[in-house]
Every structure is written in C-alpha cells, then in structure tokens.
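Beneath this line is the structure, given in structure tokens, with notes to follow.
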Amino acid sequence: MEDVDEFSASTVTAWLLYTRETLRQLHYNVKTMPNVNILEICGRHKLEILDLAHNSIVGVEPNYQRFPCLKSLSLSYVSISALDLNLLVYACPKIEVLELVNPEIAMSDAQVTIELSSSTLKRVYVEAISLDKFILEADGLETLHLKDCALEFFELIGKGALKHFKIDDVSVIHLDIGETVEDLETVDISNFTIIWPKFYQMISRSSNLKRLRLWDVMFDDEDEVVDMETIATCFPYLSHLSLSYDVRYGVLHYGLQGSSDLENVVVLELGWTVINDLFSHWVEGLLNRCPNLKKLVIHGVVSEAKSHEECQMLASFTTAMVEMMRRYIHVDPHFKYE
C-alpha cells in the first residue's frame, strides 16, 4: 500500500480485519486520517514481515500487541518514543531483522536515549537518526549498518557474533562494538572521521577479517598513518581490500612501510578524490604487496571543468597504468570514473 496521498482509515481497517488471519507480510506506506493502529489490529496473529512507514506508534502493550511470528520489522519515518520502540522489539520474540530509517523519536527529557535488547536479532540497519545515546544489546547480532547518523554514544553489547560492520557518513563521539570481535569478516568504513589507533585497537583481534574498506575517511590526527605491515600481519585472511588515496597536509595516510605481503588479497579497490603524480606509484606499491591479486578496480573523480593540470595528471596516470598492467598480466583491471 503506497503511492497514494491519503487512504480512508475505515477502508484500511476493514481490509486488515478481513485479511489478518492469513496475512504474512504487510508493507504499509500510506497516510490515513485518523491514524490506523497497525499493532492493535495485527498483533497476536501470524505476521512475519512488517514494513511500516509514515505512521505513528503510541502506547505499545507488549502482552496484548504481541507478534509471535514476526521476523522482520522495518520502521521508516515513523513517530515513536524510545520506550515504545524498546517494547515493540520486546513484543517480537522471534525478530531477526530490524530497520530504522529516519524515525521521529519522541523526547521525554533533554537527552534522547534508545536502549534495545533482543537475543534473536541478527541484522540491524539504522539510517538518518540523531540521538544522544544508542545502546543495543543483541547476543546473536551478525550484521550492523549505521548510515547518515549523528550519535554521541553508541554501544553494542553482545557475545561476539558480529560478522559484518558498516559505517557510512556517521558522526559519533564514542563508538564501542564490544571486545569479542573475533568473528568479524567485513569492516566497511566510509565518510567517517576516525581515530585510527582507537579504531584499530577495536578490530585488531578480528584475525578472520576478509574484507576491509576505508573510503573517504578523515583522520582525527593529521599525522596518523595506516601502514600495510599492520594490515598484513593482523588480518592474514584478508581477500578484499579497498582504500581511497588522500593526501592532506603532505601526509599519505596509507603508508607502504614494512615488507609483509597481503598473500590472500585477490581484489584490490583503490581510488582518489584529487589525483596527483604520486598516485600511480602508490598503486604499484600496493600491487607489489599482493602477489595473488586477480582483480584491480580504480575509482576516480574527474571534474567536468578539468584544468590543464588535471588533464595532464590523468594522461600521465593512464600511461603509467598501461605500462604497469603489462607487468601484471595476471591482474584484471577495471576503471570507474565519476
């Protein structure tokens, strides 16, 4: 139900009452006047997937508005209090997937805090949320994705089941994903200001890491360097490495120090925001560290109004890459320009 400016509340209610006994999935993205209480109508039935948008949830009663079969809950542009959100998750004893997109969290005091707890959650996606504190207790959580969020404090409490961790354009002062991260397989960080020593300490015990992506990352300390020696020795099973080249204040934040090879890396993604004559040397330095590489992907940003200097840089890089690929004939190159 979507793409309609406004639906009759009586029609929606009648339809839900008629179908709720056999309903398994409900994707609801319409506005009604007055608001339809989906939880009251569909609670205690066999709904497995609920995708709710542009609705208000007030006064959740977890004993009465219980969803014994619900596995996936998505709330987009939904008005709900932090307490009701916690109670709603509690009312779904089999929930595995939770998505929150731009929710309107009702404020009970000056500080906005969300505390969620579930032993069955496996995947959580949070987008466009602004909070003082977000505490998530989920022992079985495997995938966590935060996007376009502003948080002062985020903490994941669990038993170390997390496998995939992704941050995209997030502002957070305190970030804690727990001490037991041995099962982490994917770390994907983009558009994020990072304190590398603290972040590295958090993921350094993830010896099973297979994919590492650091893209458009700002370093809190302009002199911080992520060296390949550290990555090679701490993540021996790494197979997919993505780094964006960035030089600020004369410092290349991804250094080539050390001699250890990235033996298992088969896919290497490299990119730039502003190209200079050192980029091709950096690319070759990384190619030398990946003896079993199969695929190289170069991402570039090219402005429409290219200056003469930028055209020369791009021409020089293209020539260097052609010569380089003649020496690395086992590598399949791809180029993606924006």
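Residues 116, 146, 141, 162: which one is assigned to a strand (DSSP E or B), in contact with a Leu (Cβ under 8 Å, 6 or more places away or on another chain) and not acidic (Asp, Glu)? Outline the logic, then answer.
Numbers: 146 fails: in contact with a Leu (Cβ under 8 Å, 6 or more places away or on another chain); 141 fails: assigned to a strand (DSSP E or B); 162 fails: assigned to a strand (DSSP E or B).
One residue alone meets the criteria, 116.
For residue 102, the conditions (1) surrounded by fewer than 17 Cβ atoms within 10 Å (Cβ to Cβ); (2) over 26 Å from residue 34 (Cβ atoms); (3) of a type outside the set (Gly, Ala, Ser) are fulfilled apart from (2). Taken together, the residues in the stretch 184-215 that are of a type outside the set (S, T, N, Q) and over 21 Å from residue 155 (Cβ atoms) amount to 8.
Of all residues in the stretch 265-280, those being assigned to a loop (DSSP other than H, G, I, E, B) and over 19 Å from residue 239 (Cα atoms) number 6. Of the residues in the stretch 184-193, not one is touching a Leu at 6+ places or on another chain (Cβ under 9 Å), of a type in the set (Asp, Glu) and more than 27 Å from residue 293 (Cα to Cα). When the stretch 33-57 is limited to residues that are under 26 Å from residue 105 (Cα atoms) and in contact with an Asp or Glu (Cβ under 7 Å, 6 or more places away or on another chain), the one that is surrounded by the most Cβ atoms within 10 Å (Cβ to Cβ) turns out to be 57.
Can you find, within the stretch 299-318, the residue that is nearest to residue 267 (Cα to Cα) among those that are surrounded by 11 or more Cβ atoms within 10 Å (Cβ to Cβ) and over 34 Å from the mean Cα position of the chain (by Cα)? This residue is 316. Looking at the stretch 162-181, can you tell me whether even one residue there is closer than 28 Å to residue 139 by Cβ, of a type in the set (Asp, Glu) and over 17 Å from the mean Cα position of the chain (by Cα)? Yes - at least one qualifying residue is present in the stretch 162-181.
Rule-based calculations on the coordinates, nothing more; no lab input. Computed from a predicted structure; not experimentally measured. Ideal geometry is used to build each Cβ from the backbone, glycine not excepted, and the neighbour counts take in all protein chains shown.
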